[in-house]
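This report concerns only the one structure given below.
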Amino acid sequence: MEAPPWLPTGPTDRPFDFCCHVRRLCASIVRHCHDLNHIDVDRLLIGITQARSADRHGLQARVTPLRFRHGQLTRRRQGTHYQVQRYVVDGREMLYLVTFCLPRFLDQDFDDKFITLFHELYHISPAFEGDLRRHEGRYALHSHSKREYDDHMAHLARSYLSNGADQSLHGFLRLSFAQLQHRHGSVVGVVVPRPRLLPVAEPAPSAAEE
């Protein structure tokens, strides 16, 4: 249960803030990975959810877009206009909710944790307008081959790690949930409910439509 002392995870007299550590790591990743340079981490809402079972297989993480296709604020369905519930933090509106399933995510091995993290970040649209990255063809969100997609995520993760990545930012991923809990007393994070679709008034027509 003892975590190796050379792996930094912050002050041990305080709870381990999972969301804070993930945010700092994501900021480093998007600075150093060309494929993810379009992401503004300040507009990502990082959250956690509790695994429903102790099984290591199942949901590890997910990214939820806070806009409709192509970044649209509203969408019409069966005659009613809907808007995705909006989240504002420190006066800045969030565009994506990135949720990690604990303790399951932290109980993967180090490589799988990193690949999962890149997997979720890569889902974010290159336009960074609140929609997901879409591929051509039938499998719009994962491309035509999940294996190729996963191999590409592994390549991006390895490239980041081999390019002088700061261990003080990713050292916590080498520890399990139980190890972090043992070292810090508890693991904490922000629990954010999945956004709801809210009915709204029909938007006014634009000047071009008039």
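Extension gain, His32-Cys20: 0.36 nm per intervening residue step, less the Cα-Cα distance, totals 2.4 nm. With respect to the chain, whose longest principal axis is taken over its alpha-carbon atoms, helix 146-161 is tilted by about 60°.
One equal scatterer on each Cα of the chain, no solvent, Debye formula: the resulting log10 I(q)/I(0) at q = 0.08, 0.13 Å⁻¹ is -0.32, -0.79. Relative to the longest principal axis of the Cα atoms of the chain, the long axis of helix 18-32 lies at roughly 80 degrees. About its Cα centre, the range 15-97 has a charge dipole of approximately 400 debye under the convention of +1 per Lys or Arg Cβ and -1 per Asp or Glu Cβ, with nothing else charged. Applying Stokes-Einstein at 10 °C and 1.306 mPa s to the Kirkwood radius of the range 81-139, computed over alpha-carbon pairs, gives a translational diffusion coefficient of 114 µm² s⁻¹. With the largest listed first and rounded to whole Å, the semi-axes of the equivalent ellipsoid of the range 1-108 from the Cα gyration tensor are 31, 19, 13.
With all protein chains in place and a 1.4 Å probe, the accessible surface of the chain carries 49 percent carbon and sulfur. Potential lengthening of the chain between Arg134 and Glu2 amounts to 43.2 nm, from the contour at 0.36 nm per residue minus the alpha-carbon distance.
When the charge dipole of the chain is built from unit charges on Cβ atoms (+1 for Lys and Arg, -1 for Asp and Glu) and taken about the Cα centre, the candidate among His70, Ser28, Ser176 whose Cα reaches farthest toward its positive end is His70.
In the full protein context, the chain carries 57 Å² of accessible surface per residue, based on a 1.4 Å probe and ignoring ligands, DNA and RNA. One decimal place: the segment Val188-Glu202 gains 1.0 nm when fully extended, by the rule 0.36 nm per residue minus the C-alpha distance.
The angle separating the long axis of helix 110-122 from the principal Cα axis of greatest extent in the chain is about 20 degrees. Within the assembled protein chains, the solvent-accessible surface assigned to Glu2 is about 140 Å², based on a 1.4 Å probe. With each label modelled as a point 7 angstrom along the Cα→C-beta vector, the Arg62-Ala178 pair spans 2.8 nm.
Note on Asn163 and Arg77: with the Förster distance fixed at 35 Å, the Cβ-Cβ geometry gives a FRET efficiency of about 0.20.
The values are calculated or read from the model by the stated rules, or taken from the named source; none is laboratory data. Treat the numbers as computed from the prediction; the structure is a model and nothing was measured. In this analysis, Cβ positions are derived from the backbone assuming ideal geometry, glycine residues included, and neighbour counts consider all displayed protein chains. Note: accessible area is taken over every heavy atom of the protein model, side chains too, but ligands, DNA and RNA are not part of it. Shrake-Rupley method; radii C 1.70, N 1.55, O 1.52, S 1.80 Å.
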